[in-house]
Amino acid sequence: MGILTDDMKRLVAEQKLAFHATVCPDGSPNLSPKGSTRVWDDDHLFFADICSPQTIANIRAGSLVEVNVVDPFVRKGYRFKGRAEIHEPGAAIFAEGIERMRADGSKLTGRVKAIVVIEVRDAAPLVSPAYDDGATTEAGMLEAQRVRFARLHERQARG
Ligand SMILES: Cc1cc2nc3c(=O)[nH]c(=O)nc-3n(C[C@H](O)[C@H](O)[C@H](O)COP(=O)(O)O)c2cc1C
């Protein structure tokens with residue numbers, strides 16, 4: 001059995017968008033969203049480097065990666081940490097990553113510079129403190145956020 005549970009895999013597959021943190025050579029943090037985040041297997045995640053120069057430079061310089069993925073409606077998610085490997089065109093893993101993205105409906109495969117595979121060494125849940133009251137349920141949270149986003153989208157549509 002790998003480190004990634006079925007629920008972790010479900011959430012990553014559903015959300016696709018995750019935030020990837022690395023450390024710059026000067027010690028400063030670097031955090032950026034990757035909508036191409038996917039499960040590779042029971043122990044690995046991956047994302048496509050399309051335009052992530054600083055994340056790639058930091059990984060090449062030896063930075064570990066932390067990935068946070070959260071369902072913004074349920075307000076729960078997971079954090080993952082591990083070492084990453086960069087696979088460029090010509091590598092078998094690059095070709096397989098592109099194929100998996102294509103199979104998943106991605107229209108960006110022609111712009112991918114590298115497939116980055118993260119070996120997950122640590123995995124932990126993320127839960128909003130809004131649940132600490134013991135009364136808030138996932139269904140209640142989902143409905144409250146659905147209403148909030150619906151209002152927001154209405155306002156945006158009105159301009
Ligand atoms: C919602 C969203 C999803 C994104 N997905 C990706 C992605 O999958 N791969 C990628 O290389 N860039 C993606 N980007 C763009 C990078 O996050 C952006 O170019 C960022 O500045 C890269 O920073 P970095 O060089 O520090 O990684 C995405 C941006 C947004 C807003």
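Each value in this text was obtained by applying a stated rule to the coordinates, not by laboratory testing. Since we're looking at a predicted model, the values are computed, not measured. So basically every Cβ, Gly included, is an ideal-geometry build from the backbone, and we count neighbours across all protein chains shown.
When the Cα positions of SER36, ILE59, THR22 are compared along the charge dipole of the chain, SER36 comes out farthest toward the positive end, with charges on each C-beta of Lys, Arg, Asp and Glu.
Expressed as an acute angle from 0 to 90° and rounded to the nearest 10, what is the orientation of the C-alpha long axis of helix 92-103 relative to the principal long axis of the chain? Taking the Cα atoms of the chain, the angle to 92-103 is about 30 degrees. Structure remark: mean-square fluctuation, Gaussian network model of the chain, C-alpha springs under 10 Å; the largest value among GLY62, GLY35, GLY27 belongs to GLY27. Expressed in Å, the radius of gyration and Dmax of the Cα atoms of the chain are 17.2, 53. Normalising the average separation of contacting C-alpha pairs (under 8 angstrom, six or more residues apart) by the number of residues puts the relative contact order of the chain at 24 percent. The C-alpha atoms of the chain define a longest principal axis, and helix 6-15 lies at about 90 degrees to it.
Residue by residue, the range 145-155 carries 3J(HN,Hα) couplings of 6, 4, 5, 4, 5, 4, 5, 4, 5, 4, 4 Hz when phi is fed to the Karplus relation 6.51 cos²θ - 1.76 cosθ + 1.60 (θ = phi - 60°); x denotes Gly or Pro.
Our Cα-only numbers for the range 83-123 put the radius of gyration and Dmax at 11.0, 32 Å.
Kirkwood radius, the range 2-79, all distinct C-alpha pairs, inverse of mean reciprocal distance: 13.0 Å.
Which of these, THR137, THR22, THR37, has the largest mean-square fluctuation under a Gaussian network model of the chain (Cα springs below 10 Å)? Of the options given, THR137 has the highest mean-square fluctuation. Each Lys and Arg Cβ is given +1 and each Asp and Glu Cβ -1; about its Cα centre, the chain then shows a dipole of about 720 debye. For the range 1-100, the set of GluC sites (Glu not before Pro) satisfying both a DSSP loop assignment and a count of at most 14 other C-beta atoms within 10 Å is empty.
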